[in-house]
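> This is the structure, below, for whatever I ask next.
The values are calculated or read from the model by the stated rules, or taken from the named source; none is laboratory data. Everything numeric in this text was worked out from a predicted model, so none of it was measured. Here the Cβ positions follow ideal geometry from the backbone for every residue, glycine too, while neighbour counts run over all protein chains shown. Surface areas here come from the heavy atoms of the whole protein model, side chains and all, with no ligands, DNA or RNA. Shrake-Rupley method; radii C 1.70, N 1.55, O 1.52, S 1.80 Å.
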Amino acid sequence: MSGVTRRSTILALSSSIAPRAMFRPVAGSGREADTVTLRDFGADPSGLTSSVAALQAALAAGKRVVGTRGDVYFLDASVTVQSGSQLVGNGATIRLGRGVVGLRLSGDDCVISGWTIDGGGGLYAVLNTGARNAFLDNLCVGNVGHFLLAVGSDTVLIYGNFVDGLTADTEITTAFVAERCRDVTIRDNRFRQIPVGWSIQIRDGTNNFSVARNQFIQTQWAHSIISEQDQRVFHFTLPTRCHLKKIQLNGLPASTGYLLAQKEDGTYQVSFAFGRKRGDNVRLVGYRGAENIQINTGSHHGLIADNAIDGTGDSGIVCFGSHLNVVRNDIRNCGYAGIAIYGDQDHILIADNRIADCAQMDDGLSSPDEPKLASVFAGAILASGQDATIRGNVIDNDAGTMRYGVRINKATMALLTDGRATIRITGNTFNGEYADGRVFAPNETSGARINSITVDGALVTYPGGLDIERRWLTTPTGDAHLAISIFGRRGAISDATVRLDSPASIKTIAGEHVDIDLIDAHVFRDCNVEITFWAKAESGSSYLSAFTELEGLLFPLTAEILDPTWKQYWIRFPLTRKLADRILIRLGGTSGSANIQHLSITGRRL
């Protein structure tokens, strides 16, 4: 049985896409002589011969050059558009020759509007290097590198265009690209079935940009076969060319255990390492294109808002930039993550988005690019940023394909011991079950620790109190929930003279330490653990370290105590699946002594 999966949202969005972009009139100069037509200058309306010379002559004669509806003008070489020019299609077509850069907007204040632009295998339909240029209400069809590439431009407007990827049989590398630009607006555009590449890319060096109110449709094309007992080889047919393809088994994505090959006749053969059980639903799913919105490294100060994304072969929105607001987007049915913040970004807000049923092709067991690596794009929101707020998002996992709701995939955050949080997770709604948890912070095996995270989950308290303010000689008094040991002769001593507002403090001794092992640390499983304490350095350097056990080895998060005044310190870390149920707290002196008191240990359920 074969077929195409189209959800109701796809149908609703498809019905809103007109067969041709509507032309929005552009105000002229008010003088009739400023408007000329391409036919006036001998353009071939059949598109059989070049109209380059005619277009160049028309641009030299008037500021507003218009086409005639139904005409096709063939450009087999570049045409430079002077400053202040308006090219108004009126429903005519510009068709590029193979490998051609069509219109070069090297001047300023130009408008390209109301055209059908046929890529024709060209390199770029429009190359914009000027300022205050606009690309409005065009219908973009056919194969092309980019329909518009803006490089080093100021005040770029890309508005109201429709890119119909189903008309391309080879590739649209990226429909719209802004590189090293400033003040870019990409708004109210519609994209359908972009093959191979991306719909929108904001590239390195672009700042102050907005990608808003755009619609993206990438149908999931699929063919299902019910397995016979011990069947290993399956043959599939997809009704269109799909760039990204994976197998689902009984409705869930599978990344390993099979080989996928395309045959000469365009069909696909899937060979499993082991035979399937009778009745297994083996399903090949594919998408024509990759990411819908990609914000590249080096881009900053951007708004990605109110976009509607239904399907894509990769992730819906991928951000490598910084100072980004990703808000109020509706994202569903993507092959990998819904929103992926990936890299070392600062100042990221992911708020009030709705994400549903993504990770259709990723089970989290292998990378899209390297099968030997674990993939991280198997859920709704992937956050690898250095400073991020994830707030008020609604995440639905009705299809059960998402392994996590939010994944913190940052292993090298700076430990913030002054109470500030690196990643804040608050006010989100999670519907459905998640194999890796609603919030997943896996603690990578390199030994680097994920830390400085705040979560607004249910409060979990440790069953045994740790009262280090009681008077004692060399070690604090333990109870049934604590195991205490010392390194060296004394380790630490009680101090009743230098204190904040309690009867005693632990006073560290240079070169020695006290270990406090939390016997019941398992109560913090799947919690974000917070350890707080007050400390004052008397001399040199002291520390408090929190150790968690990863694959049999202890790795610390350490707060150094250097301040000679009383100060409160925080250590935060998630206790998740890759960690053993063990927390050990070590207090000691490196080259001096300090006073430590008011030690508190709590958790927030992830």
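> Kindly provide the helix-only [θ] at 222 nm of the chain, computed as the sum of -39,500 (n - 2.57) over DSSP H runs of four or more divided by all residues, to the nearest 500 deg cm²/dmol?
Numbers: 2 runs with 18 residues, N = 606.
So the calculated ellipticity at 222 nm is -1000 deg cm²/dmol.
> Cα extents of the range 208-364 along the three principal axes, largest first, in whole Å?
Computed over the range 208-364, the largest-to-smallest principal extents equal 56, 26, 25 Å.
> Another one. Over the chain, how many percent of alpha carbon pairs lie in each 20 Å bin up to the one with the longest distance?
P(r) over the chain, rounded to whole percents: 19, 39, 27, 13, 2, 0.
> Find how much the distance from Leu166 to Ser46 grows on full extension, using 0.36 nm per residue of separation minus their present alpha carbon separation; answer in nm with one decimal.
Value of the extension gain: 40.8 nm.
> For the range 441-532, taking Cα atoms only, what is the radius of gyration to one decimal and the Dmax to the nearest whole Å?
So, for the range 441-532, Rg and Dmax equal 15.8, 43 Å respectively.
> What ranking, highest mean first, results for peptides 383-389, 470-476, 589-595, 425-431 when packing means the other Cβ atoms within 10 Å averaged over each residue?
Output ranking for 383-389, 470-476, 589-595, 425-431: 383-389, 589-595, 425-431, 470-476.
> Something else: Below 25 Å Cα-Cα, how many Lys pairs turn up in the chain? Only count pairs eight or more apart in sequence, or on different chains, if you could.
13
> Still on this model: Could you give the length gained on full extension between Gln568 and Phe487, defined as 0.36 nm per residue of separation minus the Cα-Cα distance, in nm?
Net length gain for the segment: 26.6 nm.
> Sorted by average packing, counted as other Cβ atoms within 10 angstrom per residue and highest first, what order do 89-95, 219-225 take?
Top of the packing list down: 89-95, 219-225.
> Per residue, how many Å² of accessible area does the chain show with a 1.4 Å probe?
So the chain comes to 38 Å² accessible per residue, rounded to a whole number.
> Here is a follow-up. Can you tell me the order of 69-77, 363-371 when each peptide is scored by its average per-residue count of other Cβ atoms within 10 angstrom, highest first?
69-77, 363-371
> If you roll a 1.4 angstrom probe over the protein chains with everything in place, what fraction of the accessible area of the chain belongs to carbon and sulfur, to the nearest %?
C and S fraction of accessible area: 50 percent.
> So in the chain, which Cys have no other cysteine's beta-carbon sitting under 4.7 angstrom from theirs?
Cys110, Cys140, Cys181, Cys242, Cys319, Cys527
> Which value, in Å to one decimal place, does the Kirkwood hydrodynamic radius take for the range 481-606 when every pair of different Cα atoms is included? Write down the numbers at each step before the final one.
Values: mean 1/r = 0.0675 Å⁻¹.
The answer is 14.8 Å.
> Restricting the count to DSSP beta bridges whose residues both fall in the chain, what percent are antiparallel, rounded to a multiple of 5?
Rounded to the nearest five, the antiparallel share is 40 percent.
> Between the range 167-218 and the range 238-256, what is the separation of their alpha carbon centroids in Å?
25
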